[in-house]
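S.K.: Have a look at this one.
The values are calculated or read from the model by the stated rules, or taken from the named source; none is laboratory data. Quick caveat, the model's predicted, so the values are computed rather than measured. Neighbour counts run over all protein chains shown; Cβ positions are idealised from the backbone, glycine included.
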Amino acid sequence: MNYINKTKADMTKAGVPAGVELWDTEVNYGIQGPGSIPAQNIAPATGAGWVATTYLDNLTLGVARSYWYFWAPADGRVGIVTNDGTPAATAYGTVERWIGNAFYSCQRGTNGAANTCQMGDNNNPEAVAWVSSGSGKFTVPAGATVQCDVMNSCSAIAPGTSVTIGSSPLWFGSAARAAVNQQGSGF
């Protein structure tokens with residue numbers, strides 16, 4: 001996030017027109033190099049959370065496009081392996097289904113509050129919540145009866161429930177919408 005905010009400030013300082021989009025390209029973590037910097041092995045569950053958080057953070061920061069770097073089998077050069085069937089690929093597909101073709105309004109949390117993206121409408125509310133570090137509280141919105149994690153594992157939850165949110169995003173919505181999300185692509 002600091003790099004994105006710095007880049008936006010640099011664009012403003014350089015007089016880049018406001019209509020020029022900021023893109024986040026070739027995203028990955030733990031990549032080998034440059035020089036003698038070693039590759040880092042990132043645990044699959046951690047990587048899945050980071051993939052999801054990257055795309056959602058970019059929404060809250062006004063990044064127009066995000067491109068994940070390196071969709072291939074593990075070869076020791078990248079930290080998060082996004083290949084079909086991996087946890088990171090599942091998280092990528094899950095977030096794509098959460099936000100694809102959706103109207104959303106995203107906000108950065110302040111003072112320990114969760115970051116949120118509100119989706120859906122008054123009849124079918126949906127929300128995604130996560131924190132940038134540590135944990136925070138989030139109240140399940142009215143009408144939401146299911147929560148799902150980035151691996152698209154879902155469970156029932158009552159509206160109005162206060163839940164602890166960590167850095168791996170959670171989706172909240174209706175059972176019908178959760179079923180649609182689970183029918184997604186076969187990443």
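S.K.: For the structure I just gave you, tell me whether Asp121 is farther than 30 Å from Asn41 by Cβ and at pLDDT below 90.
M.R.: Details: farther than 30 Å from Asn41 by Cβ: yes; at pLDDT below 90: yes.
Against the criterion (farther than 30 Å from Asn41 by Cβ and at pLDDT below 90), Asp121 qualifies.
S.K.: Okay, next question. Sort out which residues of region 169-184 are touching a helix residue (DSSP H, G or I) at 6+ places or on another chain (Cβ under 9 Å), crowded, with 19+ Cβ neighbours inside 10 Å and either at pLDDT 95 or above or among the small types (Gly, Ala, Ser) (or both), and write them in order of number.
M.R.: Kept after step one, since they are touching a helix residue (DSSP H, G or I) at 6+ places or on another chain (Cβ under 9 Å), are these residues of region 169-184: 169, 171, 173, 180-184.
From the residues that got through so far, the ones that are crowded, with 19+ Cβ neighbours inside 10 Å too are 169, 171, 173, 181.
Within region 169-184, Pro169, Trp171, Gly173 qualify.
S.K.: Here's something else I'd like to know. For Val146, indicate whether it is modelled with pLDDT of 95 or more and either within 24 Å of Ile80 (Cβ to Cβ) or in the same structural domain as Leu56 (by TED's automatic domain parsing) (or both).
M.R.: Numbers: modelled with pLDDT of 95 or more: yes; either within 24 Å of Ile80 (Cβ to Cβ) or in the same structural domain as Leu56 (by TED's automatic domain parsing) (or both): no.
No.
S.K.: If you don't mind, another one. Exactly one of these conditions fails for Glu21: (1) exposed (fewer than 12 other Cβ atoms within 10 Å of the Cβ); (2) free of Cβ contacts under 8 Å to residues at least 24 places away in the same chain; (3) over 22 Å from Ala129 (Cβ atoms). Give me its number.
M.R.: Going through (1) exposed (fewer than 12 other Cβ atoms within 10 Å of the Cβ); (2) free of Cβ contacts under 8 Å to residues at least 24 places away in the same chain; (3) over 22 Å from Ala129 (Cβ atoms) one by one, Glu21 breaks only (2).
S.K.: Is it fair to say Ser132 is at pLDDT 85 or above and under 27 Å from Pro44 (Cα atoms)? Give the derivation first.
M.R.: Values: at pLDDT 85 or above: yes; under 27 Å from Pro44 (Cα atoms): yes.
Against the criterion (at pLDDT 85 or above and under 27 Å from Pro44 (Cα atoms)), Ser132 qualifies.
S.K.: Return the residues of region 96-108 that are over 12 Å from Val128 (Cβ atoms) and surrounded by 13 or more Cβ atoms within 10 Å (Cβ to Cβ); say none if nothing qualifies.
M.R.: First pass over region 96-108, keeping only residues over 12 Å from Val128 (Cβ atoms): 96, 100-101, 103, 108.
Selection gives Glu96, Arg108.
S.K.: Of these, Val78, Val63, which one is part of a loop (DSSP other than H, G, I, E, B), in contact with a Leu (Cβ under 8 Å, 6 or more places away or on another chain) and crowded, with 16+ Cβ neighbours inside 10 Å?
M.R.: Values: Val78 fails: in contact with a Leu (Cβ under 8 Å, 6 or more places away or on another chain).
From the options Val78, Val63, the qualifying one is Val63.
S.K.: Next question, about the same structure. Just for region 130-148: of the residues that are surrounded by 20 or more Cβ atoms within 10 Å (Cβ to Cβ) and in contact (Cβ under 8 Å) with a residue 40 or more places away in the chain, which one is farthest from Val95 (Cα to Cα)? Reasoning before the result, please.
M.R.: Of region 130-148, the ones surrounded by 20 or more Cβ atoms within 10 Å (Cβ to Cβ) are 130-131, 136, 138, 140, 144, 146-148.
From what's left, in contact (Cβ under 8 Å) with a residue 40 or more places away in the chain: 130, 148.
Details: Trp130: 13, Cys148: 11 Å.
So, considering only residues that are surrounded by 20 or more Cβ atoms within 10 Å (Cβ to Cβ) and in contact (Cβ under 8 Å) with a residue 40 or more places away in the chain, the one farthest from Val95 (Cα to Cα) is Trp130.
S.K.: Now for a separate question. From Thr90, Thr94, which residue is part of a helix (DSSP H, G or I) and either over 25 Å from Gly173 (Cα atoms) or in contact with a strand residue (DSSP E or B) (Cβ under 8 Å, 6 or more places away or on another chain) (or both)?
M.R.: Residue meeting the stated conditions: Thr94.
S.K.: Cβ-Cβ distance below 7 Å, separation of 6 or more or different chains: which pairs start in region 106-119 with a residue that is not assigned by TED's automatic domain parsing to the domain that holds Asp57 and assigned to a strand (DSSP E or B) and end on one that is of a type in the set (D, E, K, R) and surrounded by fewer than 18 Cβ atoms within 10 Å (Cβ to Cβ)?
M.R.: Sorted first by the residue in region 106-119, then by its partner, the pairs are Asn115/Arg108.
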